[in-house]
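Worksheet: the structure to be examined is printed underneath.
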Amino acid sequence: MPGSLADLVAGIHHGIDADEAMCWVARLTEWDRYQGSAGIAAAADFVAGEAERAGLVGVEVLSFPADGRTTWWTFTAPSSWTPRAAHLSVPGRPALVDYPAQPYTLAAHSAAAHTEAPLVRAQDDGWPPGAVVLVPSAARLDAKLHARIRHERAIGFCVSTGPDRQEGAGRLELPGGSALFGFSVVPGQMDVLHRAHSRGERARVVVDVDTTPARMPVVVARTPARDARLSPLSPLSPLSPLSPDACLITAHLCHPAPGANDNASGVAAALAAGRVLAARPLRRPVRFLWAPEFVGLAAYVHRLVEEGAGPLPTMAVDLDMVGQDQRRCGGPLIVERSPEYLPHFANALVEACVRALPAAARSYSGAVGCDVWAWRTTPFVGASDHAVLADRAIGCPSVQLGHWPDRFNHSGADTLDKVDPQELRRSAAIAASAAAVVATAGAPEADRLAHLLTRWTARRMTARLPPDDDPLAATALARHARYGRDALDTLRPFGADPGVLDRQAALLDGLHHTLAAAWDHVPVQRHGGPPLRRAWPGPFNLRALMGAVNESDRHWFTRRLAEDRGRFYASAMALAQSVDGVSGTADVVRTAQLDAGIRWEQGFGERFLAAMAGAGWVKEGEREGEGEGERSEGGKGN
C-alpha cells in the first residue's frame, strides 16, 4: 500500500490513548457481565456514557427480552440471571468456595440453594437424594451424567476444571432456568472435598441469585457527520438514512468478571477506535455495537434484515480478545479472514493496516522495522460475533481480530495484568484505520485499493506453488484467483476506474495461467448428486443445531467437541456455509475443506451433513429459491 496508508495508520496509532483504554478495561472487569444480568446492564450504561464522552453520536442502549424464550432466527434470548453470592464449605474449614471473591467458581444459571448436603463421587453407586456430586473433570460432565443427576435427584455438583487452571477456576454453564447449582473448583479444592467425602461429612451450600425479569442491552453509536473536504463523493457516499455505514466495529460485552482480555479488551479497543474516528473528517459514518455475544448481534441484525430497520454496513471488524499480553498468555494476534464465499477487499485492507503499524524498533542498520509481537492470518472460523454478519444469509464481509491460544481464557485468571496496553493500542488502531479508509475512500483511493488487493491475492496464489503437499492446492490456486477478480468488483461503488480494475483482473488471470503450469496435470473434479440447500432460518447456529439433531447425532457432536472443540466448530461452520443451493454433498465437503484449511478423515463431512439433513436443516434436490414459503419467522416468543 502506498505511503498514505502508512501515514494514516501511524497517525491513528499515535492518537489511541492506551492508558485511557486500560482504565476502561479495569472498570469493565468489576462487573459480572452475564447476558441477562444486572451486571451487563450496568456495563452497557457505562459504555454508552463513555461512547458519548468519546465524541460518538446517536448513542443508544437498545433493549431486547432476556426471557429465555424469544428467538431471532435460531438464536434464543438469554434467561434473566444475576448472581449475588455463593459459598461452599465443609466442617472445620473456612469457605472452600467464596463467590464473587473467587471468580468463575459459580456455574452460570445455577439455582438458588441454602442447605447442607451429602457429598458423593460421580463413579459411586446409590447416591442418596439431595447429594452434591463430585465430578473429576468437565469432560465427565456429559449428557449421561446429567441424566443420572436428574434421575437420582442430586441438587448440584462440583467439577474440577483441571491442572491447567491452577490460577483460577474455569467456566461452567447450565441451561437457563436450571434446577441445579454447580461449582467450578481447582484440583486442590477438589482434594479437600474428596477428603470430606471419605470422612462422611456434609457440605454446606449457599447460592444467592436474582432471577427477576431483566432486559438484554445492545449499545449502538456512530461517528458524527462531518465535511470530509476530500475529492468528489462516490456513488456510495451520500449521508442519507438509506446509505450503508462504511464499517461496523463490534465487540461483545458479555462474560463473567473479570473477563479482562475476553472481552473487556475488545470493548475498550472499540471505544478507543471510536474516540479517534470521531475526531476525523469522514465521508461516511462508522457504526459501533457492543452486545451480548452472538445473540445480541443476532437480535440487532434481525431488526435490520427482517424488520427493515436499515441497510447492512459495507464491512465489519469484530474485536474479541484483542489485548492479550502475548508473552504471558501465549498467542499471537490473529487476523481471521472474512469467508471465501464473500469476495471483498476487506481482508486485504485489514492485513495491510496490520503491516503498516509503526515498528517499535529498527534493525541494526535501521533499514528494517523490528517488533517483538507476532501476528498471523487464519481462514474464517466464525467463533464470535462476525459469524452472524458473514453468514451466507446476511452477506456482510467481516474480519475478526483476536488472540489465540490464551492459557487464561474462560477462567478467573483472565485478569487485568494479562492485558498489554500496547497490544490493545495496536488492535484499536488496526480497526480504526481500516474503517477510516472505507469511510473516506473516493475514486483515487479505490484505485489504490485495487492495486493493494491484487498484491494480496498474488501472495495467496504463490503460497500454493509446489511442493505444496495439499492435494487440493491447484484447486485452491484457481479459487484464490477467482476471489481476487470478484473482490475487485466491490470497489466499483467507490468510483474505482473501470480500466484500473480490468487491468488488475488481467494481471491475476495471467498470474494464474503462469502458476498453474507448475502442475503437470490438474484433474478436473466434477461431482454429481442432488444439490443441498439451507433449510434453517437466518445465520448458522451450532448450538441450535445440536438441540435439533437426534440423540445419536447429538452424542456424536458432543464427543467430537470434547476431542477438539475448535477444530469441530470450524469444521461445522465451514460445512454449513458451503451449503449453497447448487453443490451436492461431495462438492460441499470439498469446498468446506478448502475454505477451513482442515482435512478430515473419510466420511466426517458426509456424517455431519447427514445429521443436518436428519434435523431438517438441509434439504436435498431443490434449487436455491425453491420452497421459500417454508422459511420460519424469528423474533417471536415460543
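The values are calculated or read from the model by the stated rules, or taken from the named source; none is laboratory data. Only a predicted model underlies this, so the values are computations on that prediction, with no experimental measurement involved. Cβ coordinates were reconstructed from backbone atoms using ideal geometry, including for glycine residues, and neighbour counts include every protein chain displayed.
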Residue among G310, G382, G366, G331 that alone is within 16 Å of the chain's Cα centre (by Cα) and in a loop (DSSP other than H, G, I, E, B) | G382
Looking only at the range 473-486, decide whether some residue is in contact with a Phe, Trp or Tyr (Cβ under 7 Å, 6 or more places away or on another chain), modelled with pLDDT under 95 and under 21 Å from P343 (Cβ atoms).
-> yes
Subset of the range 347-361 (residues that are under 16 Å from A481 (Cα atoms) and small (G, A, S)) | A348
Select from the range 69-92 the residues that are of a type outside the set (S, T, N, Q) and crowded, with 18+ Cβ neighbours inside 10 Å and list them in ascending order.
-> W72, W73, F75, A77, P78, W81, P83, A86, H87, L88, V90
In the range 526-555, what residues are more than 9 Å from M612 (Cβ to Cβ), part of a loop (DSSP other than H, G, I, E, B) and within 25 Å of the chain's Cα centre (by Cα)?
-> P537, G538, P539, F540, N541
Listed residues A434, A413; which is crowded, with 24+ Cβ neighbours inside 10 Å, in contact (Cβ under 8 Å) with a residue 40 or more places away in the chain and either assigned by TED's automatic domain parsing to the domain that holds R327 or in a loop (DSSP other than H, G, I, E, B) (or both)?
-> A434
Candidate set from the range 395-410 (those that are over 16 Å from G566 (Cβ atoms) and surrounded by 20 or more Cβ atoms within 10 Å (Cβ to Cβ)); member that is farthest from the chain's Cα centre (by Cα) | F408
Looking only at the range 18-35, which residues are within 10 Å of F46 (Cβ to Cβ) and touching a residue at least 60 places away in the same chain (Cβ under 8 Å)?
-> W24, L28, E30, W31
Among the residues of the range 486-499, which ones are more than 10 Å from A450 (Cα to Cα) and surrounded by 20 or more Cβ atoms within 10 Å (Cβ to Cβ)?
-> F494, G495
Yes or no: A443 touching a Lys or Arg at 6+ places or on another chain (Cβ under 7 Å) and surrounded by 14 or more Cβ atoms within 10 Å (Cβ to Cβ)?
-> no
Residue check, P358 against (1) in a loop (DSSP other than H, G, I, E, B); (2) touching a Gly at 6+ places or on another chain (Cβ under 7 Å); (3) under 22 Å from P421 (Cβ atoms), all met but one. Which one?
-> (2)
Taking the range 61-81 and keeping only residues that are farther than 17 Å from L389 by Cβ, among the hydroxyl-bearing types (S, T, Y) and in a loop (DSSP other than H, G, I, E, B), one is left with T70, S80
List the strands (runs of 3 or more DSSP E) that sit entirely inside the range 97-213 and contain at least 2 residues that are of a type in the set (G, A, S), buried (at least 16 other Cβ atoms within 10 Å of the Cβ) and under 34 Å from the mean Cα position of the chain (by Cα).
-> 156-160, 181-185
Has the range 249-265 got at least one residue that is more than 20 Å from N409 (Cβ to Cβ), surrounded by 24 or more Cβ atoms within 10 Å (Cβ to Cβ) and touching a residue at least 60 places away in the same chain (Cβ under 8 Å)?
-> yes
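A quick yes/no check of all residues on (1) at pLDDT 95 or above; (2) closer than 15 Å to A107 by Cα:
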site: H146; (1), (2): no, yes
site: V159; (1), (2): yes, yes
site: Q166; (1), (2): no, no
site: G170; (1), (2): no, yes
site: S184; (1), (2): yes, yes
site: R199; (1), (2): yes, no
site: V207; (1), (2): yes, yes
site: A214; (1), (2): no, no
D19 being closer than 26 Å to V301 by Cα, outside the structural domain of R204 (by TED's automatic domain parsing), modelled with pLDDT of 95 or more and surrounded by fewer than 18 Cβ atoms within 10 Å (Cβ to Cβ) | no
Counting just the residues of the range 557-603 that are more than 22 Å from the chain's Cα centre (by Cα) and loosely packed, with under 15 Cβ neighbours inside 10 Å, which one comes out farthest from A138 (Cα to Cα)?
-> V582
